[in-house]
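Everything on this sheet refers to the single structure shown next.
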Amino acid sequence: MRRLLLLTALTAALLTACTGTEEVTYAVQLNVLTDTDTSGRATGLRALNSDGGPVNTVTVTGGVQVLPTSSTRRVITVRTDAAETRAPDGSDPQPFADPGFTPCYTRAAQDAGRSRLLLLSECSGVQRAALFDSASRTLVWSALLPTYLPPVTTTDTPPTRLAVQGDVGLITRARLNGGSEVIRVAVPAAGGSAEASVPLAIPAVFDLAPYGGRVLAATATGIQALKTTGEPDSATTLAPFGGTRYDRLWTGGASGTLLAAWRSNVLAGTGDTPLRLWDGAATTAVTVATLSDIRDLTLPSDGKAYVLAGQNLNRYDVTLGLSTGNWAPRTLTTLTAPLSIAWTVPPTTP
């Protein structure tokens with residue numbers, strides 16, 4: 001026993017001697033777009049440890065969204081005029097290919113395997129979509145979308161949302177006379193350039209997310225899978241979430257089986273609303289916390305959920321919460337106007 005204690009003490013002493021402090025390793029690292037300007041775009045990209053400690057901050061222009069990559073060793077940064085992958089600390093930007101038009105990117109989405117990146121550009125009312133291979137950052141296709149006549153925005157107006165399934169891009173947007181419309185963009189079976197379908201009228205869709213080989217839609221009557229036509233299938237309503245409306249969906253976890261859903265308190269005109277989580281097997285989704293103003297969240301492979309709620313970055317222990325009901329909530333740090341969050345795996349120190 002004495003020899004074991006001496007060995008432990010010696011190991012700690014060596015670590016302290018080499019670095020000046022004891023080394024702390026982190027399973028994942030977080031990347032957050034912050035400091036939004038008057039246009040609602042971020043001007044800073046912050047790299048944080050999973051305990052909220054700062055790693056690095058870099059300036060970005062027109063930040064729209066951050067997303068993880070399939071390798072988890074880099075992070076995707078989408079800006080209004082470009083998209084790139086970056087190292088976990090925000091350095092070394094490597095751009096995606098030219099889409100073939102001058103972009104005004106406003107939204108992004110990935111497939112379940114994060115092998116494809118779909119970007120929506122909206123310049124002076126003209127919408128274009130571009131699909132990229134995430135690993136090589138090359139263009140798969142780009143297409144002009146049908147003319148869009150948006151309705152007057154209210155709390156019930158569905159937002160524009162994107163999803164990817166294979167090499168097919170899906171775009172839902174508010175329809176002038178109510179509900180949503182969906183557009184499918186793909187290269188025809190005979191080959192050639194990508195083509196956008198005629199918009200199909202569908203019930204209101206408030207968010208889209210890839211899950212279990214399907215694309216799920218948050219509708220006014222529950223979370224439902226999309227048919228091949230892009231229409232929500234009411235027969236597939238996920239019972240664990242009931243037949244109620246949600247405004248945001250997120251998927252993730254080590255095996256990709258976690259599905260989180262939240263009804264916006266702002267749109268609902270209420271106080272805090274429940275953030276609910278499903279593990280893909282339980283009969284009922286569970287409540288992680290009741291929160292207001294969720295801007296984004298990410299579900300990495302470390303068994304935690306990291307949530308941007310208002311100015312706060314909160315952490316919840318998903319593994320513990322699903323097994324015991326104790327989510328071990330913790331506010332890690334306060335940020336200035338956080339917009340979007342993603343996760344990466346930090347490099348190991350030799």
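The values are calculated or read from the model by the stated rules, or taken from the named source; none is laboratory data. Values in this document were obtained by computation on a predicted structure and should not be read as measured data. Here the Cβ positions follow ideal geometry from the backbone for every residue, glycine too, while neighbour counts run over all protein chains shown. Please note that ligands, DNA and RNA were not included when accessible areas were found on the heavy atoms of the full protein model with its side chains. Shrake-Rupley method; radii C 1.70, N 1.55, O 1.52, S 1.80 Å.
Element breakdown for the chain at a 1.4 angstrom probe: carbon and sulfur atoms account for 54% of the accessible area. Accessible surface computed residue by residue for the chain, with neighbouring protein chains in place and a 1.4 Å probe, gives 45 Å² per residue.
Between residue 221 and residue 233, the modelled label-to-label distance comes to 1.6 nm, taking each label 7 Å out from Cα in the direction of the beta carbon. Using the Cβ-Cβ distance between residue 293 and residue 319 with R0 set to 35 Å, the FRET efficiency from 1/(1 + (r/R0)^6) comes to roughly 0.85. Per the helix-only calculation at 222 nm, which mean residue ellipticity applies to the chain, given -39500 (n - 2.57) for every DSSP H run of n ≥ 4 and division by its residues, nearest 500 deg cm²/dmol? That calculation yields -2500 deg cm²/dmol at 222 nm. Based on Cα contacts under 8 Å between residues 6+ apart, the range 26-344 shows a relative contact order of 14 percent.
The residues 286, 32, sorted by heavy-atom accessible surface at 1.4 Å with ligands and nucleic acids left out, run 286, 32 from largest to smallest. If the chain linking residue 71 and residue 39 were pulled fully straight, counting 0.36 nm for each residue of separation and taking away their Cα-Cα distance, it would gain 8.3 nm. Here each label is just a point 7 Å from Cα along the line to Cβ, and for residue 255 and residue 147 those points are 5.1 nm apart. For the pair residue 176 and residue 286, label points projected 7 Å from Cα toward Cβ lie 4.9 nm apart. Stretching residue 201 away from residue 137 to a fully extended chain increases their span by 19.7 nm, per 0.36 nm per residue minus the current alpha-carbon distance.
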